[in-house]
Amino acid sequence: MRSVGETLSELAEANRQASDPRQLLLLSDVAGPAEVQPPRVRRIYCNRNLRFDQIQMVGFDMDYTLAVYKQAELDRLSIEATARKLVQRGYPESLCTMSYRTHFPIRGLLVDRKLGNVLKTDRYRYVKKAYHGTRELTSEERRQTYQQRPVRPDPRRFHSIDSLFALSEVTVYAAAVDELDRPFTQVDYAKLFDDVRASIDEAHRDGSIKEIIMADIGRYIERDPDLAATLHMLRSSGKRLFLLTNSEPQYTDAVMSHLLGCDLNEYRSWKSYFDTIITSAMKPSFFMRDAPFEELAPNGQMQLQKVKEFHRGRIYVGGSQTEFEKLTGVPADRVLYVGDHIYGDVLRAKKTSQWRTLMIIQELTDELSAMERLSGDIARADRLEQRLSILHEGLRERQSMQKGVLKLLDAPELTSERRVELEAARTRLKRSIDRLRVQAKNVDAEHNALEREIEHAFHPFWGSALKAESEPSSFGEQVERYACLYSDRVTNLLGYTAGHYFRGPRHRMAHE
């Protein structure tokens, strides 16, 4: 077999001898076919150029990244546990028996703790949709409540829904608002939300949720048959792998054994796939503090001495990004971290270091499917918007002409003949303006109705998670700003070589 150097030498010599430029040979002619673009639903999308061949370490979050939860089952489990805890805190028994709209929330929403509202904002933080519980506020209610000003992300009032794991919190909160709102009854919406969050946190701490998952793990977590091959491909290309999760060691072991147990003969256990395994990382604090790692002993007990060196196959607890970079010796811009949490995994990793990021957005599958189904409607909406712009421009032009005519009519010493001409012109302009106003009103109504249909097709309550009408949503803006790459699943990496150059689209400003 020829080496790469020999292939390149032969290629250069053949090109030197070619008398006709059309005879020039490409490397793909002698070294195999060029890399093929994967299908759209299996692609990795790029916001910021990234040369994959320069990445030395690839790290993974576990929950909702390597481990894809069956959302309906997990929501049911979380809601039941949370409702029981709320009743124990003194809330009505009806919370345990009522029906919940698990399809109500999406990622990227804001909870207004003060008013019991759930909001969706655009990239400029203007409220585009709002619900009180699960009742949609009218445009006038929304305008009066938020006064058409950007919502300041004050955590004392607004809580961000950054992960799929938090969707059940919104489901329970919105349903509880509906249930508790009664005539002559005043609800402390902020306390209610704090109690919902405290209840679900308590359910996780006391094992109400995780013990049930571990007892029947296949019911709650999907098993991707391509995961082992994906990790093996990365290791075979010379990249070091690490796991960085907030989950506890015991839960991590159960989930990862389910995902990777006995898939490839080359690996004795799931731990063999990773050079470093870090649990109980406490992200996002992991990226902001300076703390040592502790090693988990074989008997499951902590070894309290400071870790001075990582060993493959061992499990570590805590630590920090600063200490991690010291122990691995890998430059920050040579690390790619793959996670699903926009704040805990992606934003903090980008703000505190040069780690590159790949965000897993499970919703992208549905978003792409909806875009394909609605491509004709979206194109029609664009045409209506262009038509509306033309009508408004024509309206402004005729209104300007009308003002000119009125000014001439007020001129002194105007002849009767000239006055008749101007009056006729004013009448024609008025009729033209009236026609354009009617046309613009009709086109605007058609456009708004179509936009509502498109939004409902993406999601019956909120529309697209990544867009707010024609603008990116606040969530979409964060993805665009902080995620170098994004995709709907980790195993889409199998569609790319270790030397792939991810190139983002050329950014264009309005004047371009």
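Things worth noting here:
- Restricting attention to segment 133-147, the residues that are within 19 Å of Gly463 (Cβ to Cβ), over 24 Å from the mean Cα position of the chain (by Cα) and not basic (Lys, Arg) total 5.
- Subset of segment 295-304 that is under 17 Å from Ala281 (Cα atoms) and of a type outside the set (A, V, I, L, M) - its residue that is surrounded by the fewest Cβ atoms within 10 Å (Cβ to Cβ): Gln301
- Some residue of segment 495-512 being closer than 18 Å to Ser369 by Cβ, in the same structural domain as Pro225 (by TED's automatic domain parsing) and either modelled with pLDDT of 95 or more or surrounded by 15 or more Cβ atoms within 10 Å (Cβ to Cβ) (or both): no
- Flag if Arg182 is in a helix (DSSP H, G or I), outside the structural domain of Gly261 (by TED's automatic domain parsing) and closer than 22 Å to Val87 by Cβ: no
- Single condition Thr171 does not satisfy, out of (1) touching a Pro at 6+ places or on another chain (Cβ under 7 Å); (2) part of a loop (DSSP other than H, G, I, E, B); (3) of a type outside the set (D, E, K, R): (2)
- Every condition in (1) over 21 Å from Gln71 (Cβ atoms); (2) buried (at least 20 other Cβ atoms within 10 Å of the Cβ) holds for Ser168 except the one numbered (1).
- Condition met for Arg76 (surrounded by 15 or more Cβ atoms within 10 Å (Cβ to Cβ) and under 18 Å from the mean Cα position of the chain (by Cα)): no
- Just one of the listed residues (Ser163, Ser199, Ser168) is of a type in the set (S, T, N, Q), under 22 Å from Ala281 (Cβ atoms) and outside the structural domain of Thr497 (by TED's automatic domain parsing), namely Ser163.
- Residue, farthest from Gln71 (Cα to Cα), within segment 367-378, restricted to residues that are among the acidic types (Asp, Glu) and surrounded by fewer than 16 Cβ atoms within 10 Å (Cβ to Cβ): Asp377
- Matching residues in segment 202-242 - criterion: being over 19 Å from Thr497 (Cα atoms), touching a strand residue (DSSP E or B) at 6+ places or on another chain (Cβ under 8 Å) and not hydrophobic (A, V, I, L, M, F, W, C): Tyr220, Glu222, Asp224
- Residue in segment 119-140 that is out of contact with any Lys or Arg (no Cβ under 8 Å at 6 or more places or on another chain), of a type outside the set (Ser, Thr, Tyr), free of Cβ contacts under 8 Å to residues at least 12 places away in the same chain and closer than 19 Å to Leu192 by Cα present: no
- Residues of segment 344-358 that are closer than 22 Å to Ser160 by Cα and out of contact with any Pro (no Cβ under 6 Å at 6 or more places or on another chain): Asp345, Val346, Leu347, Ala349, Lys350, Lys351, Thr352, Thr357, Leu358.
- Residues in segment 405-440 that are surrounded by 12 or more Cβ atoms within 10 Å (Cβ to Cβ), of a type outside the set (D, E, K, R) and under 54 Å from the mean Cα position of the chain (by Cα): Leu429, Ser432, Ile433, Leu436, Gln439, Ala440.
- Test: residue in segment 233-244 that is more than 30 Å from Val330 (Cα to Cα), surrounded by 14 or more Cβ atoms within 10 Å (Cβ to Cβ) and more than 22 Å from the chain's Cα centre (by Cα): no
The values are calculated or read from the model by the stated rules, or taken from the named source; none is laboratory data. All of these numbers come straight from a predicted model, not from anything done at the bench. Cβ atoms come from the backbone with ideal geometry, glycine included; neighbour counts cover every protein chain shown.
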